[in-house]
1. Kindly provide the set of residues from segment 105-148 that are crowded, with 22+ Cβ neighbours inside 10 Å and more than 20 Å from the chain's Cα centre (by Cα), ordered by number.
2. Can you go through 93, 81 and tell me which one is under 19 Å from residue 152 (Cβ atoms), surrounded by fewer than 17 Cβ atoms within 10 Å (Cβ to Cβ) and at pLDDT 95 or above?
3. Across segment 106-127, what is the number of residues that are out of contact with any helix residue (DSSP H, G or I) (no Cβ under 9 Å at 6 or more places or on another chain), under 24 Å from residue 158 (Cα atoms), part of a loop (DSSP other than H, G, I, E, B) and touching a residue at least 40 places away in the same chain (Cβ under 8 Å)?
4. Go through segment 156-192 and give me each residue that's in a strand (DSSP E or B), at pLDDT 95 or above and farther than 22 Å from residue 78 by Cα.
5. Is it the case that segment 56-67 has a residue that's out of contact with any strand residue (DSSP E or B) (no Cβ under 7 Å at 6 or more places or on another chain), surrounded by fewer than 21 Cβ atoms within 10 Å (Cβ to Cβ) and within 17 Å of residue 369 (Cα to Cα)?
6. Do the conditions hold for residue 293, that is, is it out of contact with any helix residue (DSSP H, G or I) (no Cβ under 9 Å at 6 or more places or on another chain) and touching a residue at least 24 places away in the same chain (Cβ under 8 Å)?
7. Need pairs with beta-carbon distance below 7 Å; first residue at positive phi and in contact (Cβ under 8 Å) with a residue 12 or more places away in the chain and within segment 73-89, second surrounded by 12 or more Cβ atoms within 10 Å (Cβ to Cβ) and assigned to a loop (DSSP other than H, G, I, E, B); sequence gap 6+ or separate chains.
8. Does segment 244-263 contain any residue that is over 22 Å from residue 382 (Cβ atoms), out of contact with any helix residue (DSSP H, G or I) (no Cβ under 8 Å at 6 or more places or on another chain) and not in a loop (DSSP other than H, G, I, E, B)?
């Protein structure tokens, strides 16, 4: 039987986290891998495994370090060298996220003045905001599990770098976000805004602020000051104000459900309020998000005929939806009936892609790492779902 442990062990060998294969890092996939490793570490602790024997935590630590030293630096085929932040070697090591992190695409980013090719852009490097927020969350969970505030500090530094790079607009005027930025965050590569990027950013930064004090803990103020994210949170809140989040994309629906889960946790534990007179707008309150998720989920199910062949299905997008459904699993009183009755979809998606017969499809093999790691997260979701 396929297990999260088996999937992650294969991924670590295949992509050079351990063993002799050259490192092959991709930020989105690696963020999910970190939280899945941390979930397995937590399970080991609950089962009484000796504290000195912590293989999953060691793997997560190793992966974080590798991501920073690969994706925090310029590519080997780039004329530029060193940290993408422009910091020198010593300072870059202390602040590896200060300039953001590359996506990890196979091709170099589009050069200044080079015509845009929409198809090619998917394979070219740069920075994606929603990948950066996933890494912020992974770092925050590393801080919570290890009691090391430096991970939270790196998450905050990444949040501030991403905000400076991706959020555009005149001071005092309307703000907008770019979907894709250059490796050094100096120029937009795709100017349009990702539908859920501002929502994702607002929930992530609000979560970082809420957990800053506990991240510093007994080891001082190494995680930074909670107030340093306030201006970015205000900007993102303004972009989110009055928006709806309805989508027909499975991964996008998962993102709405995940945001609803975080909004509920922030309201319950972070002292955060939502509404027109509050810091965070009503459009990102859990109830509003669940309403939009329910509309989206019903539309997605209606548009999906039974027995869709695997080569027309994208596993990681479906798994993202399943993770979102798991995120609202404990919110029976708040979740609309349309979501509650769709919860078995999470098990259906998990069981489908766990079956080796379905893992022969090109949509699985062509995106093996991201599909496999997200499936491992679905099997060990605790840290992915934590604040």
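The values are calculated or read from the model by the stated rules, or taken from the named source; none is laboratory data. Please read these numbers as outputs of a predicted model, since none were measured by experiment. Every residue, glycine among them, receives a Cβ derived from its backbone with ideal geometry; neighbour counts consider all protein chains shown.
1. Once the filter is applied, which keeps residues that are crowded, with 22+ Cβ neighbours inside 10 Å and more than 20 Å from the chain's Cα centre (by Cα), segment 105-148 yields only 109.
2. Details: 81 fails: under 19 Å from residue 152 (Cβ atoms).
Every option except 93 fails the conditions.
3. So the count comes out to 3.
4. Looking only at segment 156-192, we keep the residues that are in a strand (DSSP E or B), and these are 167-168, 176-177, 180-181, 188-190.
Narrowing further to those that are at pLDDT 95 or above: 167, 177, 180-181, 188-190.
Matches in segment 156-192: 167, 177.
5. Taking segment 56-67 as the starting set, the residues that turn out to be out of contact with any strand residue (DSSP E or B) (no Cβ under 7 Å at 6 or more places or on another chain) are 56-67.
Narrowing further to those that are surrounded by fewer than 21 Cβ atoms within 10 Å (Cβ to Cβ): 57-58, 61-62, 65-66.
Remaining after also requiring within 17 Å of residue 369 (Cα to Cα): 66.
The answer is yes, given that some residue of segment 56-67 is out of contact with any strand residue (DSSP E or B) (no Cβ under 7 Å at 6 or more places or on another chain), surrounded by fewer than 21 Cβ atoms within 10 Å (Cβ to Cβ) and within 17 Å of residue 369 (Cα to Cα).
6. Numbers: out of contact with any helix residue (DSSP H, G or I) (no Cβ under 9 Å at 6 or more places or on another chain): no; touching a residue at least 24 places away in the same chain (Cβ under 8 Å): yes.
It is false that residue 293 is out of contact with any helix residue (DSSP H, G or I) (no Cβ under 9 Å at 6 or more places or on another chain) and touching a residue at least 24 places away in the same chain (Cβ under 8 Å).
7. Close Cβ pairs satisfying both conditions: 86/99.
8. Within segment 244-263, none of the residues are over 22 Å from residue 382 (Cβ atoms), out of contact with any helix residue (DSSP H, G or I) (no Cβ under 8 Å at 6 or more places or on another chain) and not in a loop (DSSP other than H, G, I, E, B).
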